[in-house]
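Right, one structure below, let's go through it.
The values are calculated or read from the model by the stated rules, or taken from the named source; none is laboratory data. Keep in mind it's a predicted model, so treat the numbers as computed, not measured. Using ideal geometry, Cβ is built from the backbone for each residue, glycine included, and neighbour counts are taken over all protein chains shown.
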Amino acid sequence: MTQDEILLAIEKYRKRSTLVRFFKSPREVIKEKPIYLLPFSLLCAIFFAYTALVYIKFNIYDTILLSVIVSLSIPALFDYYEKRRIRKIEDKFHDLLTDLAFSVKAGMDLDDALEIAAGGEYGKLTEGVKWIKRMMLWGLSFEEAMKKFAEKYPTPLIKSSVNLIIEVSRVGGKISEILEIAAENARESKYLERKRLSGVFPFIVVCYLSFFVFTVVIIVLATHLIPTLEEATKRAQEGSPFIGFVLTPQTVELYKRLFFHALIIQGLFNGLMAGKVGEGNIVAGFKHTVLFTLIATAVYVMFIK
């Protein structure tokens with residue numbers, strides 16, 4: 001078997017394994033890759049479009065727009081709340097490691113330190129600390145219990161910190177020093193993440209500013225240029241001299257639709273760009289896209305239509 005065939009077989013197995021995991025525990029797979037929500041959200045959008053056209057009697061343009069919003073809103077909301085959940089967990093994880101290291105360094109054994117930590121306020125991690133304690137009472141080592149803990153809370157920071165704890169434990173050393181190293185690593189990781197976000201924030205602002213500038217241009221064209229051309233067309237029809245093209249009601253409606261579609265397209269790609277630049281993935285841009293689409297719809301209803 002050639003190397004390409006081996007790699008192809010590995011890729012097929014990986015995809016099959018992901019599919020099996022999806023049917024066993026869809027929530028866990030979707031947590032890893034929110035993009036898997038898209039087929040479900042597309043089905044919801046199709047159902048909404050059918051209902052809107054057949055029963056509510058929306059026009060085709062409004063139906064398409066609202067269907068796009070529905071299809072993007074579901075993965076956007078899931079991604080937003082999942083990232084917020086992970087952020088809360090990771091913010092408390094550094095405090096947990098620091099408190100454990102301080103307790104052990106003060107002379108407590110690990111069991112007593114975990115007992116005290118189990119009564120602390122670590123948000124969602126409080127139950128996890130009690131779970132580690134139970135695992136150790138059942139005979140697991142601290143390293144094995146931490147590995148199970150990382151499987152229960154599989155955030156990037158927790159998995160990397162637990163791997164660090166296990167590797168340093170194998171080399172040898174005091175548990176307090178190991179926990180201090182892991183706590184410092186967690187603190188440094190969160191600091192670098194905040195620094196990265198502060199560095200890319202101006203680019204996200206640029207995405208928003210460019211959309212709002214484009215929106216203002218569209219509003220000016222719709223509220224000043226189109227009425228001026230309509231007035232000139234009216235004078236030309238009354239016999240006044242007029243040089244230029246004539247706007248019919250159908251042409252005016254076409255221009256308004258074009259302005260609206262231009263706003264939607266601008267908002268769509270600006271939102272995706274904001275997500276890619278700010279958080280490193282396209283799905284994170286869906287929430288920006290939904291917001292821009294709603295703003296575009298409001299502008300169309302208030303100034304263009």
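With the condition kept exactly as written, say whether any residue in segment 164-182 is of a type outside the set (Val, Ile, Thr) and touching a Leu at 6+ places or on another chain (Cβ under 6 Å). Don't jump to the end; show me each part of the working.
The initial filter retains those residues of segment 164-182 that are of a type outside the set (Val, Ile, Thr), namely 164, 167, 169-170, 172-174, 176-177, 179-180, 182.
With touching a Leu at 6+ places or on another chain (Cβ under 6 Å) added as a condition, the list becomes 179, 182.
Within segment 164-182, one or more residues are of a type outside the set (Val, Ile, Thr) and touching a Leu at 6+ places or on another chain (Cβ under 6 Å).
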Pairs, first at positive phi in segment 44-68, second loosely packed, with under 14 Cβ neighbours inside 10 Å and in a helix (DSSP H, G or I), C-beta under 6 Å, six or more apart: none
Answer from Asp99, Asp79, Asp111 - the residue that is buried (at least 18 other Cβ atoms within 10 Å of the Cβ) and in contact (Cβ under 8 Å) with a residue 24 or more places away in the chain: Asp79
Positions within segment 153-180 being part of a helix (DSSP H, G or I), in contact with a helix residue (DSSP H, G or I) (Cβ under 6 Å, 6 or more places away or on another chain) and within 16 Å of Phe93 (Cβ to Cβ), in sequence order: Leu157, Ile158, Lys159, Ser161, Val162, Leu164, Ile165, Ile166, Ile178, Leu179, Glu180
Extreme residue, surrounded by the most Cβ atoms within 10 Å (Cβ to Cβ), among residues of segment 50-76 that are of a type in the set (A, V, I, L, M, F, W, C) and within 30 Å of Ala150 (Cα to Cα): Ala76
Contacts under 6 angstrom Cβ, first residue in segment 116-133 being assigned to a loop (DSSP other than H, G, I, E, B), partner at pLDDT 80 or above, 6 or more apart: Tyr122/Lys92; Tyr122/Leu96; Gly123/Lys88; Gly123/Lys92; Lys124/Ile89
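Residue-wise test of (1) at pLDDT below 80; (2) over 23 Å from Ile265 (Cβ atoms).
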site: Thr51; (1), (2): no, yes
site: Thr63; (1), (2): no, no
site: Ala106; (1), (2): no, yes
site: Asp111; (1), (2): yes, yes
site: Thr126; (1), (2): no, yes
Complete set of residues in segment 204-221 that are under 27 Å from the mean Cα position of the chain (by Cα) and in contact (Cβ under 8 Å) with a residue 60 or more places away in the chain: Ile204, Cys207, Tyr208, Ser210, Phe211, Thr215
Residues that are among the charged types (D, E, K, R), under 31 Å from the mean Cα position of the chain (by Cα) and either closer than 15 Å to Leu110 by Cβ or modelled with pLDDT of 85 or more (or both), drawn from segment 128-163: Lys130, Lys159
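Residues are listed down the side, and each one gets a yes or a no for (1) of a type in the set (A, V, I, L, M, F, W, C); (2) within 29 Å of Ala113 (Cα to Cα); (3) touching a residue at least 60 places away in the same chain (Cβ under 8 Å); (4) surrounded by 12 or more Cβ atoms within 10 Å (Cβ to Cβ):
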{"position": "Val171", "(1), (2), (3), (4)": "yes, yes, no, no"}
{"position": "Glu180", "(1), (2), (3), (4)": "no, yes, yes, yes"}
{"position": "Glu188", "(1), (2), (3), (4)": "no, yes, no, no"}
{"position": "Tyr191", "(1), (2), (3), (4)": "no, yes, no, no"}
{"position": "Pro202", "(1), (2), (3), (4)": "no, no, no, no"}
